[in-house]
Amino acid sequence: MIIEVTVVPNSPKFSVGCKNGRLKVALTSEPERNKANIELIQGLSKLLGKQVRIISGLTSKRKKLAVDLGEGEWKAFLAGIE
């Protein structure tokens, strides 16, 4: 499944929310030297219990991720964070 994400680096704490149908992830890491991308992958992988890969937007706040989730699992996850 392809998921569109907006990231906010340098936040006080890691958090995940949903805004305008797009996943919004606050990261504590700075966007330099790939730190924010690593935190994003590790944090979402831990929350979802699935492997997460960035497929586009490596240097952007808007990213597309590939996650091994079914539609039902994704809807259940979104329902839990809204």
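Listed values, structure above:
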quantity	calculated
Integer Hz, Karplus 6.51/-1.76/1.60 couplings in order for the range 43-54, x for Gly and Pro	x, 5, 4, 5, 5, 8, x, 9, 6, 10, 10, 7
Distant-in-sequence amide H partners of Ser29 (H built 1.01 Å from N, under 5 Å)	Asn10, Ser11
Local net charge near Lys64, Cβ-Cβ under 14 Å (Lys/Arg +1, Asp/Glu -1)	+4
Inter-probe distance in nm under a simple model that places probes 7 Å from Cα toward Cβ, at Ala76 and Gln51	2.1 nm
Backbone HN-Hα couplings from phi across the range 56-61 [Karplus 6.51/-1.76/1.60, Hz, Gly and Pro as x]	7, x, 3, 10, 10, 6
Placed amide H near Cys18: partners under 5 Å, 5+ positions off or other chain	Lys24
Within-13-Å neighbourhood charge of Glu82 [Cβ basis; K, R +1; D, E -1]	+4
Extended-chain gain in nm, criterion 0.36 nm per residue less alpha-carbon gap, Glu4 and Lys19	4.3 nm
Karplus-derived 3J(HN,Hα), 6.51/-1.76/1.60, for each residue of the range 63-76, Hz, glycine and proline x	10, 10, 10, 9, 10, 7, 10, x, 4, x, 5, 5, 4, 5
Quarter of the Cα convex hull surface for the chain, i.e. its orientation-mean projected area (nm²)	4.8 nm²
Relative contact order (%) - the range 2-81, alpha-carbon pairs under 8 angstrom, separation at least six	30 percent
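No lab work stands behind these numbers, since they all come straight from the coordinates. Being a predicted model, the structure only gives us computed values, none of them experimental. FYI the Cβ positions are ideal-geometry reconstructions off the backbone, even for glycines, and counts take in every protein chain you see.
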